[in-house]
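We did not get these values from a lab; they are worked out from the coordinates using the rules stated. Here the structure is a predicted model, which means the values were calculated and not measured. Note: ideal-geometry Cβ built from the backbone for every residue, glycine included; neighbour counts use all protein chains shown.
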Amino acid sequence: MMGKSRIHNRCAFTLLEMLVVIGIIALLMALLVPAVSRVRAQSQTVACASNLRQLALAANLYANDNDGFYPPAHFKKTNGTPPNSVSGAPVLLKAYSSSENALIQCPVDPQAINVLELYGLVYPVDIQMPQYASYQYNFAVFVNALTNPSAQPTNRSTLRDSSDLIILYDGTVSSDRGGPWEVIAARHSGPSFNAVFLDSHVESIHAMLKGKARGMTGFIPAYVVDVGNRPIYYAGAQDIPYRTTPTSSNPTGKVASQGLAIPGFGPIVWGQVNPN
């Protein structure tokens, strides 16, 4: 009987041993959780870049089939459901992508822009339009024919420097300065935002937090673009993003932006910046 008791005692964990095991498990969790978070963030950044690339390819295929004209970002669809409702590029690009609604959403913030909330108080929204979006348009390429019904679609022949012309990017909306207006959303690590260019290549662009802008439901971060040694021609509704021939007085060849600028950085993309 005594022998069995001694065997049983040797097989049992002491309180100290259990605490050591628990400590080891906690340490492993502390090491693994940040690594898993980084991998998840990287996969979301890659998925976002893939979405933007596919959207650009779809837009270029659309232009190929429509005499070089790119689709409008938004327009009033007379035969929509309901009639005279807001439609846009996601609907027109449906034929060139099998999952256009998912492509218009960044996995980091798939509900960054509530399309129904943005337009619903003024216009009905077509049933084919996605309810949410995460990317903003360069309206110099994808014209907004909703607020400007006379706007003519942009033709490829009028665009230059396709490798420097951003057409879609991680974004959201601001209600400052008479908005809402399109703003950068640097939602990826860095912080950075993804942008796709006219030639369909995608870049992760560093952004610098420089205050706050008034969003639809509260304040949102306001970012500026660090242009560094290679100017990024980031375009909003009034920023025509063309490179000009460098001169002695303009060595970068960058057209002066109409946006709110800070020395050493590109324009803050729509949204009055608050100091805190």
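Do you know which residues across region 62-89 are exposed (fewer than 15 other Cβ atoms within 10 Å of the Cβ) and farther than 11 Å from residue 156 by Cα? Scanning region 62-89 gives 65, 78, 79, 81, 82, 83, 84.
Name the one entry in 128, 111, 105 that is within 12 Å of the chain's Cα centre (by Cα) and over 16 Å from residue 52 (Cβ atoms). So that I can check it myself, show each step before the final result.
On the way: 128 fails: within 12 Å of the chain's Cα centre (by Cα); 105 fails: over 16 Å from residue 52 (Cβ atoms).
After ruling out the rest, the residue left standing is 111.
When residue 131 is tested against (1) of a type in the set (S, T, N, Q); (2) within 24 Å of residue 81 (Cβ to Cβ); (3) in contact with a Lys or Arg (Cβ under 9 Å, 6 or more places away or on another chain), exactly one condition is not met: (3). Residues in region 134-172 that are β-branched (Val, Ile, Thr) and more than 20 Å from residue 87 (Cα to Cα): 2 in all. Checked against the criterion of being touching a Ser or Thr at 6+ places or on another chain (Cβ under 8 Å) and either touching a residue at least 24 places away in the same chain (Cβ under 8 Å) or closer than 30 Å to residue 163 by Cα (or both), the candidates 52, 93, 57 yield just one match: 57.
In region 114-163, how many residues are of a type outside the set (D, E, K, R) and assigned to a helix (DSSP H, G or I)? Quick ask: steps written out before the conclusion?
Here is the first cut: in region 114-163, the residues of a type outside the set (D, E, K, R) are 114-116, 118-125, 127-155, 157-159, 162-163.
Now restrict to residues that are assigned to a helix (DSSP H, G or I): 115-116, 118-120, 157-158.
Counting residues in region 114-163 that are of a type outside the set (D, E, K, R) and assigned to a helix (DSSP H, G or I) gives 7.
Is at least one residue of region 93-112 within 19 Å of residue 152 (Cα to Cα) and buried (at least 17 other Cβ atoms within 10 Å of the Cβ)? Yes - at least one qualifying residue is present in region 93-112.
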